[in-house]
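Structure first, commentary second.
The values are calculated or read from the model by the stated rules, or taken from the named source; none is laboratory data. Quantities reported herein were computed from a predicted structural model and do not represent experimental measurements. In this analysis, Cβ positions are derived from the backbone assuming ideal geometry, glycine residues included, and neighbour counts consider all displayed protein chains.
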Amino acid sequence: MAKKVLVVGAGIVGASVAWHLAKAGCAIIVVDAGEGGGVATAHSFAWINATWGNPERYFHFRRRSMAGWRRLESEIPGVAVNWCGGMTWDIPAEDFDRFETEHTRWGYGMRRVDNAGAQRIEPGLKTPPDRALFVAEEGMVEPVEAARAILAAVVAAGGKVMTGTRVASFATRSGKVIGATTGDGTLIQADETVIAAGTETQNLLETIGVRLRMIMSPGLIMHSTVASERLLNGLVFAPQCNVRQTREGRLIAGSDFAGADPKGEEERMARELLARVKALVRGSESLDIGFITVGHRPTPADGFPAIGRPDGVEGLYVTVMHSGVTLAPIVGELVAREIAEGFRDPDLAPYHPGRAELV
Ligand SMILES: Cc1cc2nc3c(=O)[nH]c(=O)nc-3n(C[C@H](O)[C@H](O)[C@H](O)COP(=O)(O)OP(=O)(O)OC[C@H]3O[C@@H](n4cnc5c(N)ncnc54)[C@H](O)[C@@H]3O)c2cc1C
């Protein structure tokens, strides 16, 4: 009989886990407290990348996931990444050479561009930088659309997705998790339960006595009103202004690592971002703030993903991470292999949820 797996959370990570498990022949139920599509996912800048101060092993993990997005695009109608490339000059001058050399040595398709090169890549920049790094293999995705397309594929493969359904606690028998109980008291039984609940993961684990320390750093993103034409080709990381144009036509911007802490001054920060966007991008002068989002990154305390079975609890699996948009394909693929086939990929070794840094 097919293994029955309950996935708690239908953001980009839960959707991908559910899809890969369905492909592996498991019987899937996904439950989500919201509408499906995620919470952190809906507040994300959604830049697909392997860059930024990562140890080499984590860099390769992320890169593997970038390839996973291309596979998902071919498997699921409606999953569409814009492989537009990313150009950055938001790097301290003293780090520039090391950053370039290191990533190039690791095999990242990074190339240095001068003022004319930057202008060719982004003709819409008012003042192109004199020196920047361009990575053609990076991309961006509309993350809620992608998560919903993946969930639709889960349903098409015979899985069940229950939205508006909050898991209140886990059900156990002889110390093994045998499913979860929803807010209205309904028990959903499963052979294995996967928590993909983003920032709620820590609280859910606590209900069963498992500790997993997390940091939820906030990030504000200013979404402009819709521009009637294409103003940017790809991802642009200028100092204090990381910006991209969505498929709908909005320019979305964050001040730092794709969204910084507004410290209670959302409106002021968004106004500043809009002013920076206007100073940077030709044709954006008439845009206004469309809306502002402040999301929290579901980050395990040491900054790296937590993926695996918590120590001492049978029947439970956890998947929580920042950069979940980048990482969703590889996480889904490897979690499915572990749950369906019993094979734990060696690339998951650093990310055990019971590691000393998290408990
Ligand atoms: C400002 C910002 C910028 C970011 N930029 C990037 C970026 O550029 N690139 C990148 O790769 N990543 C980025 N991230 C991180 C990325 O968005 C997250 O890592 C990713 O979205 C996490 O997805 P998830 O599915 O784990 O969580 P979520 O999207 O939060 O989904 C979790 C789901 O679980 C459900 N849930 C929670 N508790 C329960 C419960 N008890 N019962 C039932 N359902 C429950 C919620 O309703 C939610 O739908 C950014 C995040 C932020 C906030």
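At-a-glance table
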item	result
Filtered residue count, region 190-207, keeping only those that are within 11 Å of the ligand (Cβ to nearest atom) and loosely packed, with under 15 Cβ neighbours inside 10 Å	2
Count - residues of region 253-270 that are part of a helix (DSSP H, G or I) and farther than 19 Å from Ala238 by Cα	3
Test for Leu133: is it crowded, with 20+ Cβ neighbours inside 10 Å, away from the ligand (no atom under 16 Å from the Cβ) and under 26 Å from Ile330 (Cβ atoms)	yes
Flag for Thr88 being among the β-branched types (Val, Ile, Thr) and within 16 Å of the ligand (Cβ to nearest atom)	yes
Residues of region 111-130 that turn out to be surrounded by fewer than 18 Cβ atoms within 10 Å (Cβ to Cβ) and under 27 Å from the mean Cα position of the chain (by Cα), as a count	2
Residue count, region 173-196 (criterion: in contact (Cβ under 8 Å) with a residue 40 or more places away in the chain and of a type in the set (Ser, Thr, Tyr))	2
Given (1) out of contact with any helix residue (DSSP H, G or I) (no Cβ under 8 Å at 6 or more places or on another chain); (2) more than 10 Å from the ligand (Cβ to nearest atom); (3) on the phi < 0 side of the Ramachandran plot, number of the condition Val31 does not satisfy	(2)
Test for Met140: is it buried (at least 21 other Cβ atoms within 10 Å of the Cβ) and either away from the ligand (no atom under 16 Å from the Cβ) or at pLDDT 95 or above (or both)	yes
Criterion: in a strand (DSSP E or B) and crowded, with 16+ Cβ neighbours inside 10 Å - qualifying residue of Val210, Val161	Val161
Residue ID - farthest from the ligand (Cβ to nearest atom), chosen from residues in region 215-265 that are charged (D, E, K, R) and buried (at least 16 other Cβ atoms within 10 Å of the Cβ)	Arg250
Those strands (runs of 3 or more DSSP E) lying entirely in region 33-151 with at least 1 residues without any contact (Cβ under 8 Å) to a residue 12 or more places away in the chain	none
Count - residues of region 248-271 that are more than 21 Å from Pro92 (Cα to Cα) and either more than 21 Å from the chain's Cα centre (by Cα) or at pLDDT 95 or above (or both)	14
